[in-house]
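Let me begin by presenting the structure, written as structure tokens, before commenting on it.
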Amino acid sequence: MNQVILKQKEQKEIENRKNESSIVYDTKKLNLWYGNTHALKDIDLPVQERSVTAIIGPSGCGKSTYIKTLNRMVEMNPEVRTTGKVHYRGRNIFDSSYPAEELRTRVGMVFQKPNPFPKSIFDNVVYGPKIHGITDKKILQKIVEKSLRGAAIWDEVKDRLKENAYSLSGGQQQRLCIARCLAVEPDVILMDEPTSALDPKSTLKVEELIQELKQNYSIIIVTHNMQQAARISDKTAFFLNGEVIEYDETDKIFSNPVDKRTEDYITGRFG
Amino acid sequence: MQFMDMKVVQSRMSKRLLLNQMTKWLFLASAIFGLLVLAVLLYRVIVDSLGWINIDFLTSVLSTKPEIAGIKGAILGTVWLMIIVGPVTMALGVSTAIYIEEYARPSKLTSFIQTNISNLAGVPSIVFGLLGLTVFVRLFGIGSVILAGGLTMSLLVLPIVVVASQEAIRAVPSYLREASYGMGATKWQTIKNVVLPVALPGILTGLILAISRAIGETAPLVVIGIPALLIPVPTSIFDRFTAMPMQIYYWTIDSVLVAEYAYLAAATIVILLLILFTLNSLAIIIRNKFDRRY
């Protein structure tokens, strides 16, 4: 009997360690201020690799601020101050020895509004690789095909790579932006409400794409749409007034939330 | 109790409608007045210039004899001036705009620079002439040559390029910058590959307007001491020179001595206006062609 319990304990420890080593982002006691506004309060949030982590919450709860902190884009606002730590693969992203440019090469971002450059489809995809010094035309061509295939848009654009990206539909533009992000071969992809500007059909396509991408990438997605979070994510964090109210398996959050406020939010009582 | 009396309303109606019509014509007349004066001026100038503009006039050098005098020297002088003004204002103006819009954080220094650029745009051109005379001609000892004139003109039109470039850079949507930063690009890479290409039409429009302003400016050249009568044609930036507005100025003044000079001045004005209209149209075409396609 004792032995069985011991074995179970061991098993659990091994599993725990596995979980720990597969944590890609670990946020510890993160606080963030915009001037005097305390936007993020003591955030603790470990993020699993090769999974989809959804961040939900009402407008102004800090979910966008949080995801923009993960690649330090939030610092484009000079008023921002932070305390606490965010470890990406064991490195504190706020370390002065860790250039934001290097972090962003590993951590890609897809934005709310599709934002391709006013360049050709081809030039959009090679933008990142070129920035990082790849000039060989053959390699660039391979990157373009691989990335566009990865974003499930290759078949639609393979014959019109020289056309301006703005000739694409909104949904195609967003998948092009995902391809552009994949071209840098990131480890993590941050998505800030990537489907909020898209029609339902394009939204579905992007959601399917996210399901495929999680085989190879860690995805953190901010979404306004709770059904979307329920459909595509493995874990969900509920933010409210700059705090993480609840963070758990998505199934658990949506079927059996612990906190009353989470329940109120997902049942549509506010937000 | 009724306050509105239809009889009173009807008795005032025709007066009100008349006033309504009159104001419309008054405003139209005001709008046309400026155009009309310009048309009269153009008509006089063009009539005076008839018979004086021909290939010989454009390709001959200056002479005291009106029949054989040409503006080759003045045209070349203006072209040389622009060879200095174009690159200098482009480099200085765009760099200044990039610094203010992309690098500078809101501070006292930034608002000081910004205020001074606006002030600079309001400084009379003759003051720039004095600055050119003091700094370039005398202090640097360059003399009254193309380089001194070009640098003075560059400073004069710099605010135009700075303000136009600032507006063009500010109009580049922030989501394009974010896309670039998001892939690990540095600030300079983002400026070079995303911001400047998108802002270029606006910057070029500003540059063309600045050049067309510089082409027409006379006062700074007078102050710097550009010669009244100069036969040799300039061949380098260290040569003495004359320019088209200078030529018009001197011919107009000297028309009391030689009546035909007035026709030469008119002919030069027509050529100068043609160049300016062409440049301004080019600016408008560029602006329309690249108007926001994203």
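The values are calculated or read from the model by the stated rules, or taken from the named source; none is laboratory data. The structure presented is a predicted model; accordingly, all values stated were derived computationally and were not measured. Every residue, glycine as well, gets a Cβ built from its backbone with ideal geometry; the counts of neighbours run over all protein chains shown. Just so you know, the surface numbers come from the protein's heavy atoms only, side chains and all, with ligands and any DNA or RNA stripped out. Shrake-Rupley method; radii C 1.70, N 1.55, O 1.52, S 1.80 Å.
Does residue B:259 meet the test of being buried (at least 22 other Cβ atoms within 10 Å of the Cβ) and among the small types (Gly, Ala, Ser)?
Considered against the rule, which asks whether it is buried (at least 22 other Cβ atoms within 10 Å of the Cβ) and among the small types (Gly, Ala, Ser), residue B:259 comes out as no.
What number of residues within the stretch B:52-75 satisfy the criterion of being part of a loop (DSSP other than H, G, I, E, B) and either under 15 Å from residue B:251 (Cβ atoms) or in contact (Cβ under 8 Å) with a residue 60 or more places away in the chain (or both)?
14
Per-residue answers, yes or no, for (1) under 17 Å from the mean Cα position of the chain (by Cα); (2) polar (S, T, N, Q); (3) under 21 Å from residue A:26 (Cα atoms); (4) in a helix (DSSP H, G or I):
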| residue | (1), (2), (3), (4) |
| --- | --- |
| A:212 | yes, no, no, yes |
| A:216 | yes, yes, yes, no |
| A:220 | yes, no, yes, no |
| A:230 | yes, no, no, yes |
| A:238 | yes, no, yes, no |
| A:248 | yes, no, yes, no |
| A:258 | no, no, no, no |
| A:263 | no, no, no, yes |
| A:270 | no, no, no, no |
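Taking the conditions exactly as written (crowded, with 19+ Cβ neighbours inside 10 Å and of a type in the set (A, V, I, L, M, F, W, C)), does residue B:74 satisfy them or not?
yes
Just checking, does the stretch A:148-159 include any residue being closer than 20 Å to residue B:190 by Cβ and not aromatic (Phe, Trp, Tyr)?
The answer is no; no qualifying residue exists.
Given the stretch A:72-168, what helices (runs of 4 or more DSSP H) lie entirely inside it while holding 3 or more residues that are open to solvent by 50 Å² or more (accessible area, probe 1.4 Å), out of contact with any strand residue (DSSP E or B) (no Cβ under 8 Å at 6 or more places or on another chain) and more than 9 Å from chain B (Cβ to nearest Cβ)?
A:137-150
Can you find even one residue in the stretch B:236-247 that is among the polar types (S, T, N, Q), buried (at least 21 other Cβ atoms within 10 Å of the Cβ) and away from chain A (no Cβ under 14 Å)?
yes
Cβ-Cβ under 7 Å, sequence separation 6+ or interchain: first residue in the stretch B:76-88 and within 13 Å of residue B:154 (Cα to Cα) and in a helix (DSSP H, G or I), partner of a type in the set (Ser, Thr, Tyr) and modelled with pLDDT of 90 or more. Which pairs?
These pairs meet every condition: B:84/B:154; B:85/B:154; B:88/B:154.
Across the stretch B:77-94, what is the number of residues that are open to solvent by less than 70 Å² (accessible area, probe 1.4 Å) and either within 28 Å of residue B:197 (Cβ to Cβ) or in contact with a Lys or Arg (Cβ under 7 Å, 6 or more places away or on another chain) (or both)?
10
Restricting attention to the stretch A:179-204, and to residues there that are over 15 Å from residue B:175 (Cβ atoms) and in a loop (DSSP other than H, G, I, E, B), which single residue is farthest from the other protein chains (Cβ to nearest Cβ)?
A:199
Identify, by number, the condition in (1) more than 27 Å from residue B:221 (Cα to Cα); (2) of a type outside the set (S, T, N, Q); (3) open to solvent by 50 Å² or more (accessible area, probe 1.4 Å); (4) more than 23 Å from the chain's Cα centre (by Cα) that residue B:173 doesn't meet.
Every listed condition holds for residue B:173 apart from (3).
Of the residues B:115, B:110, B:134, only one is within 14 Å of another protein chain (Cβ to nearest Cβ), β-branched (Val, Ile, Thr) and either free of Cβ contacts under 8 Å to residues at least 40 places away in the same chain or open to solvent by less than 40 Å² (accessible area, probe 1.4 Å) (or both); which?
From the options B:115, B:110, B:134, the qualifying one is B:110.
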